[in-house]
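Visitor: Take this structure, written in structure tokens, and hold onto it; I'll ask about it next.
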């Protein structure tokens, strides 16, 4: 199988069950943001996320990467339910919440806003959080432009995922002995 097909050279892409659409339409936009999110999570993992006793952080991120593929598959189809692609449900959001609570319980309480940074892995997790927020905004756009096309659970999942990524960034820094860098407001 060749990597290139030349089918997208005209600025169009194919979606499952929906023919061809512009590559900058709402559905390809959210799928692209999810792809970017997954790549940034891969960078976090490649930059030492599992080091310093943080193997559990790495495992959570690995699981999330697989779930992001599931979200993308669901969004790549105009009729995910009939294709058996609607796989992200409330249990996935609950698992994110449980991970947030588990890791947050190990961290000092927040007294101020935190500037993104710290270790390379934490920095990439902070970046992943911002990309996740963009994917969430693109998902809201898709939901608004194609009413009924987006499972409400996907909106909750991405909203909670960005919270998890913030907590994981803090946890990665804490495991490496790097303190949060509080924002010193005006």
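The values are calculated or read from the model by the stated rules, or taken from the named source; none is laboratory data. Fair warning: this is a prediction, and the values are worked out from it, not measured in the lab. Using ideal geometry, Cβ is built from the backbone for each residue, glycine included, and neighbour counts are taken over all protein chains shown.
Visitor: Among what's in the range 6-21 and is part of a loop (DSSP other than H, G, I, E, B) and at pLDDT below 80, pick the residue that is surrounded by the fewest Cβ atoms within 10 Å (Cβ to Cβ).
Guide: Residue satisfying both the conditions and the ranking: 9.
Visitor: Here's something else I'd like to know. Can you confirm whether the range 71-88 contains a residue that is in a helix (DSSP H, G or I) and surrounded by fewer than 17 Cβ atoms within 10 Å (Cβ to Cβ)?
Guide: no
Visitor: Still on this structure, please answer the following. In the list 136, 97, which residue meets the criterion of being more than 13 Å from residue 181 (Cα to Cα) and over 12 Å from the mean Cα position of the chain (by Cα)?
Guide: Details: 136 fails: over 12 Å from the mean Cα position of the chain (by Cα).
Criteria check complete, one pass: 97.
Visitor: May I pose another question? When you look at residue 118, is it under 26 Å from residue 35 (Cβ atoms) and not in a helix (DSSP H, G or I), yes or no?
Guide: Spelling it out, residue 118 is indeed under 26 Å from residue 35 (Cβ atoms) and not in a helix (DSSP H, G or I).
Visitor: Ok, one more. Among the residues in the range 160-182, are any in contact with a helix residue (DSSP H, G or I) (Cβ under 7 Å, 6 or more places away or on another chain), over 18 Å from residue 56 (Cβ atoms) and at pLDDT 95 or above?
Guide: For the range 160-182, residues in contact with a helix residue (DSSP H, G or I) (Cβ under 7 Å, 6 or more places away or on another chain), over 18 Å from residue 56 (Cβ atoms) and at pLDDT 95 or above: present.
Visitor: Continuing with this model, one more query. Considering only residues of the range 22-60 that are part of a loop (DSSP other than H, G, I, E, B) and in contact with a helix residue (DSSP H, G or I) (Cβ under 7 Å, 6 or more places away or on another chain), which is modelled with the highest pLDDT?
Guide: Taking the candidates together, the pick is 47.
Visitor: Let me ask something else about it. Step by step: first the residues of the range 165-186, then only those that are part of a loop (DSSP other than H, G, I, E, B) and surrounded by fewer than 20 Cβ atoms within 10 Å (Cβ to Cβ), then the one that is farthest from the chain's Cα centre (by Cα). Which residue is that?
Guide: Among those residues, the one meeting the criterion is 186.
Visitor: Which condition number does residue 130 fail, the rest of (1) at pLDDT 95 or above; (2) closer than 19 Å to residue 76 by Cα; (3) surrounded by fewer than 23 Cβ atoms within 10 Å (Cβ to Cβ) being met?
Guide: Residue 130 satisfies every listed condition except (2).
Visitor: Separate question: Tell me, which residue of the range 143-159 that is surrounded by fewer than 20 Cβ atoms within 10 Å (Cβ to Cβ) and part of a helix (DSSP H, G or I) is nearest to the chain's Cα centre (by Cα)?
Guide: Within the range 143-159, the match that is nearest to the chain's Cα centre (by Cα) is 159.
Visitor: Only one of these is farther than 20 Å from residue 139 by Cβ and over 16 Å from the mean Cα position of the chain (by Cα): 15, 3. Name it.
Guide: 3
Visitor: Just one of 109, 162 is within 26 Å of residue 55 (Cβ to Cβ), assigned to a helix (DSSP H, G or I) and either without any contact (Cβ under 8 Å) to a residue 40 or more places away in the chain or touching a strand residue (DSSP E or B) at 6+ places or on another chain (Cβ under 7 Å) (or both); which is it?
Guide: Testing whether each residue is within 26 Å of residue 55 (Cβ to Cβ), assigned to a helix (DSSP H, G or I) and either without any contact (Cβ under 8 Å) to a residue 40 or more places away in the chain or touching a strand residue (DSSP E or B) at 6+ places or on another chain (Cβ under 7 Å) (or both) leaves just 162.
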